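Inspection log for the structure reproduced underneath, given as structure tokens.
The values are calculated or read from the model by the stated rules, or taken from the named source; none is laboratory data. All values derive from a computational prediction rather than experimental measurement. As a convention, Cβ positions derive from the backbone with ideal geometry for all residues, glycine included, and neighbour counts pool all protein chains shown.
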């Protein structure tokens, strides 16, 4: 299909001196002529400024660790190397309106508490001692565990290891919040929260998603999951189980969504998160959809083709798929599975009725690569 | 509080010859005078015909096993000893509009397939070889496992053990369906269903309730849980976990609801099911609510006080609590936990806005017993 | 289709002395053998005890008026001639688990306030002075107006006319509430409610259903409509409008549901209400469904065929359709429309997943009549 | 409350040569240090680029009419003077991510059909002959009528008047759609749609919001209202009625939301619309909230104070309130009511859990003006 703007139904007004004068008069009244911008602001299909981008963990890790000595955590607020899409430097986004970064905490280090309108999530990349306190609940998280910090919950983090740093990936919707003129921020009046007695209490209470508390812990009316931590030790077996019972998706392999056990919906109203397995030798077909995605390679290695470009990836690497970009994934190993963690703005796409999806039909579903 | 019908706002019309004649004329037109029945049909509070009842497994078990020789499964349809409330013999209900029974299947035995409007659930009491095929999906269930057969799903059961019978408790809403003039029944045209390849596929797919399938197995629009089996090996640890994180309910101890992982709601629109733990030495306080409950003692022993009567129970025993009856539970052991499985019509109470609940405030929450 | 119980999948156990003894032993333990009742309690299709019944207003009206002299309103509680289905005398139901009656109030008469778990609705048949106070809100209702008294709302009624009685039809779910052991009743401690200043305030606030209050009157969380009165002067034009834009239903003509403007759902969780127009000369096709319906002829005359029996009706007449009975309606006039008001338990059928519907396919959709 | 970034919990890292070099190395890997932008992208409260702006209809009207001669409708696509916030020229927004403009159609003029992902709404300012065809349904709209063109519905407009132009205000979420990389556009393959027979059919079918179609027109599953037109002749009486029954909101007077009669929710998932009355002499108190609003003065005159600036307005004027700006309204007349139409992105604020609201407590709720 070709898209020409020189058709009936698109703006096709030429420039004349009269019009130019008219436009100037309009501008004097904080007004303009729609037809001068119509084709640009109503494109045939999405025109993201974000480009497909791959961040190598091997490259970033030394830089991230270097920051331990360069800045004090208390001065930085949080010691984070953020990943910035070449097309979105103006808003510090990794793709679309999603922010991501690698946060590092040295042994024994801890942060002060704050909260913000932006929703946050964490995927632990390395290190054993990470903890976070979310609205008074202490969570301990290890490698490949997933945790959430819903919007406006108090939170503070730390690393109780004696000898090794923790690195986790942060995912937030900061650019989304700002685009909607809805950002708020607060530092905790006491710098630190009171903490409940029981570590990982939401995991103990809600972690068996198919059995939920009754007659206590009721009345949860918040718009996000009451379960704050989703350990790898539950998530990976769930993937293996699903792989025994289903073929999965042609585009994503065996893919599960971390979900709110009280609603079956996404973990937070603005951010969703998935864990997907590419079985040994599996290469998925391409599709595209509205909504942006940021991946973290949890296990194994392989490559993805995104908008016709091939990106090879291995454990710890991060890459992104912009809205409406064709994408497909392949596991490099014939013997081991590969697992991708990802997070996205799909809940927003669904709430606003912006979701659209399309399969790549040519060439057995595989894009030509340049 | 005393309730007298001799007050303004209640019907207080005496009998006169004139009125008697009037009533007869009304009856000739399929009519009557409301005030002759008003106080009866609009009681001050619920007047269930069901009475608190306890069924001893020690008593019932030999009778149940005896049926193996007395009737052929194919002749019986299902070989079930049903438990009938003394006040509800007219509708074969165990309490309220809930039906329950003990079904027995001999080694190697299997049934033909049928479906009905009534929703069914199973709680396995003894035996290792039980299976059921629900809408083409084979489930294997062992002692203390819970499984559902939602309304109008095809189902057939069997026991693949070589040497021992299976006994499970059936719970159905048959009287409820009949009261609503909504009963349908069908025998399978081929007597047996086609079966999928994977045993317990819904458990593999949906059994980690906090991670749900994405991009496949989507589009589940049925009004019941896509997860058909809830094994004890998941449920009991969930109880233990919850007990570490919470005090539970003052009326029920640590209590979880088996839930639909896609909605967080009850497993079926007419039947809910719970698993609750009474910690060593725990004696709960009394409360009452609308809705009827049937209990099966999954583990341990203790007693319940229901409407002022004490019922002692031990593993395998079944007992019921009628609507609006005060009830409280106590674990007899100071060292071991006791676990009660139960099912109820609470989803109906909630859908119809009939739910009401009240705590027993006197005497530290404990009823006097007769 | 024929339904025989002498097939595999139905209970087919004969009587033997051994079995008889067995049944007696079971009975001694509050138990029984399912197969002795299975075919009865699991019928092939609904077996309502209710029968199609027609109540002539011409017959009933004098009887209803007679009660004005026979009993004082305060003694009767409410002065109501209830309509009782020949098959449901045990529970005072008009059909299924629905109650209905004709309530009469003399000029200047008023009642004391009470509330009950049962939900009530009113459809005014004759008289200009009717009022009701529902949870403190005074409603004035005239002929063919529809009003609701949701469950547990305080209510008291009266007739402020100088010279003529009011007769309205009451519809309640009393038998449904009782079947669920959920009935409560309370007389108002002061006998009469405090009343708000503005008559019909919910109509003023919510009566334009497509524009709802914002920023005030918010936070309505009750499970029923905040709009308590639906006047004929709005409802009838809505029918006429719909008739211009649509062909309506083949089974019901142009039919609208009185709805909760905040949800689009039924007015109350247990009772729905419809208004339908049979255009001049229109005869609908037959269908059947689960759920029971009670009709009041609001305008015109015609007949309905219900389960093969023809019932002629004219203004003020009441008739019922039991669950799963084939039914079709015909307008007797070639020049005027006929309008039927009706109420039903469809919301219950939907909530409990009991709804089922079927078109009558033979004979151009028309039943043979006996 | 004062907001200083020089506190624990905010980024406070100074510039050093070492850090500068580090930042450069990060930039080489499409990365950056969060602390260099943290305070800016996580503000204490919303920092909209939009400023309160008022557009005088007296000023704009001649400019809008001038365009009739300057450009042909077919060349312009649509002949619209858009209103552009001084702070949002980059995205052609009037406020936040909302677009608005004044569209003019000459007598007898009509447009070709297209559709787009952006949702649109219309509020007619002047002219009698306006029509629009939305997904095949012809709507006629006059002054002060409100109509919607939900996302991805085909639409084409025209003016069937003989002698006078139509001017209506368009409201769209174009900038919102673009920010989410979700824009699609299509011209109709035949340039014009097939049209249904009945004009304003959705109004006839759904226009009595408290009575909804049953058994036909069912199965509406789209995420927007099935009612496409909301005439002034229904809306204004609804306001007058509400004013009799309620005091309204302290911040907005008597305010109603145009709503989806099937859900009680907003008309479309991204745009809400209100109609509010300031009673004679009424001056509301100030509040602020997240979410942006564009007003059109439907009737009367008065002023609003927005973020401390006073804007006087009269019929036809348009003005905007950015997110989190204090605002209050006053009717200039002691004898007549004033009515404001407005549309907003509140549905987005709610879906994404971004809604927050605050009353202005000082000075009896009134801002000082500069």
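Against the test of being part of a helix (DSSP H, G or I) and at pLDDT 95 or above, the options D:39, D:85 yield a single qualifying residue, D:39. State yes or no: is residue A:18 under 27 Å from residue A:92 (Cα atoms), out of contact with any strand residue (DSSP E or B) (no Cβ under 6 Å at 6 or more places or on another chain) and either exposed (fewer than 14 other Cβ atoms within 10 Å of the Cβ) or modelled with pLDDT under 95 (or both)? When the stated conditions are applied, residue A:18 does not pass them. Checked against (1) under 27 Å from residue D:126 (Cβ atoms); (2) at the interface with chain A (Cβ under 7 Å from one of its Cβ atoms), residue D:100 passes all but condition (2).
Restricting attention to the stretch A:214-226, the residues being touching a strand residue (DSSP E or B) at 6+ places or on another chain (Cβ under 8 Å) and modelled with pLDDT of 95 or more number 2. So which residues in the stretch B:1-20 are outside any loop (DSSP other than H, G, I, E, B) and within 10 Å of chain C (Cβ to nearest Cβ)? Those that are outside any loop (DSSP other than H, G, I, E, B) and within 10 Å of chain C (Cβ to nearest Cβ): B:18, B:19. Filtering the stretch B:174-212 to residues that are in a loop (DSSP other than H, G, I, E, B), buried (at least 16 other Cβ atoms within 10 Å of the Cβ), within 10 Å of chain A (Cβ to nearest Cβ) and without any contact (Cβ under 8 Å) to a residue 60 or more places away in the chain leaves B:207, B:208, B:209, B:210. Applying the condition of being surrounded by fewer than 18 Cβ atoms within 10 Å (Cβ to Cβ) and closer than 17 Å to residue A:183 by Cα to the stretch D:3-15 and asking which residue is modelled with the lowest pLDDT yields D:3.
Looking only at the stretch C:351-370, residues that are crowded, with 18+ Cβ neighbours inside 10 Å, within 14 Å of chain B (Cβ to nearest Cβ) and touching a residue at least 24 places away in the same chain (Cβ under 8 Å) come to 3 in all.
Looking at this structure, is residue D:74 more than 19 Å from the chain's Cα centre (by Cα), surrounded by fewer than 22 Cβ atoms within 10 Å (Cβ to Cβ) and in contact (Cβ under 8 Å) with a residue 12 or more places away in the chain? Judged against the criteria, residue D:74 is a match. The residue that is farthest from the other protein chains (Cβ to nearest Cβ), among those in the stretch A:24-35 that are buried (at least 18 other Cβ atoms within 10 Å of the Cβ) and in a helix (DSSP H, G or I), is A:26.
Among the residues of the stretch D:328-350, those that are in contact (Cβ under 8 Å) with a residue 40 or more places away in the chain and over 17 Å from the mean Cα position of the chain (by Cα) comprise D:328, D:329, D:330, D:331, D:333, D:334, D:335, D:336, D:337, D:338.
As a summary of the residue check, residue C:46 satisfies the conditions (1) within 22 Å of residue C:288 (Cβ to Cβ); (2) touching a strand residue (DSSP E or B) at 6+ places or on another chain (Cβ under 6 Å) except for the one numbered (2). When residue A:91 is tested against (1) within 10 Å of chain D (Cβ to nearest Cβ); (2) at pLDDT 95 or above; (3) more than 21 Å from the chain's Cα centre (by Cα), only condition (3) is not met.
For the stretch B:306-323, the tally of residues that are surrounded by fewer than 22 Cβ atoms within 10 Å (Cβ to Cβ) and under 17 Å from residue B:359 (Cβ atoms) stands at 2.
In the stretch B:52-72, the condition of being at the interface with chain C (Cβ under 10 Å from one of its Cβ atoms), out of contact with any helix residue (DSSP H, G or I) (no Cβ under 8 Å at 6 or more places or on another chain), in a loop (DSSP other than H, G, I, E, B) and under 28 Å from residue B:308 (Cβ atoms) is met by at least one residue. In the stretch A:236-244 there is at least one residue that is over 20 Å from residue A:134 (Cβ atoms), facing chain B (nearest Cβ under 7 Å), surrounded by fewer than 21 Cβ atoms within 10 Å (Cβ to Cβ) and without any contact (Cβ under 8 Å) to a residue 24 or more places away in the chain. Looking across C:48, C:43, one residue alone is without any contact (Cβ under 8 Å) to a residue 24 or more places away in the chain and under 24 Å from residue C:320 (Cβ atoms). It is C:43. Considering (1) surrounded by 20 or more Cβ atoms within 10 Å (Cβ to Cβ); (2) within 30 Å of residue D:242 (Cβ to Cβ); (3) touching a helix residue (DSSP H, G or I) at 6+ places or on another chain (Cβ under 9 Å), the lone condition that residue C:121 does not fulfil carries the number (3). For the criterion of being surrounded by fewer than 21 Cβ atoms within 10 Å (Cβ to Cβ) and either in contact (Cβ under 8 Å) with a residue 12 or more places away in the chain or more than 8 Å from chain A (Cβ to nearest Cβ) (or both), residue B:226 passes.
Screening the candidates B:147, B:113 for the property of being at the interface with chain C (Cβ under 9 Å from one of its Cβ atoms) and touching a strand residue (DSSP E or B) at 6+ places or on another chain (Cβ under 6 Å) yields one hit, B:113. Using the structure shown, decide if residue D:83 is in contact (Cβ under 8 Å) with a residue 12 or more places away in the chain and more than 8 Å from every other protein chain (Cβ to nearest Cβ). No. Among A:215, A:264, A:248, which is the only one that is more than 29 Å from residue A:115 (Cβ to Cβ) and either more than 7 Å from chain B (Cβ to nearest Cβ) or under 23 Å from the mean Cα position of the chain (by Cα) (or both)? After applying the criteria, what remains is A:248.
Inside the stretch C:270-310, residues that are in contact with a helix residue (DSSP H, G or I) (Cβ under 7 Å, 6 or more places away or on another chain) and on the phi > 0 side of the Ramachandran plot make up a count of 1.
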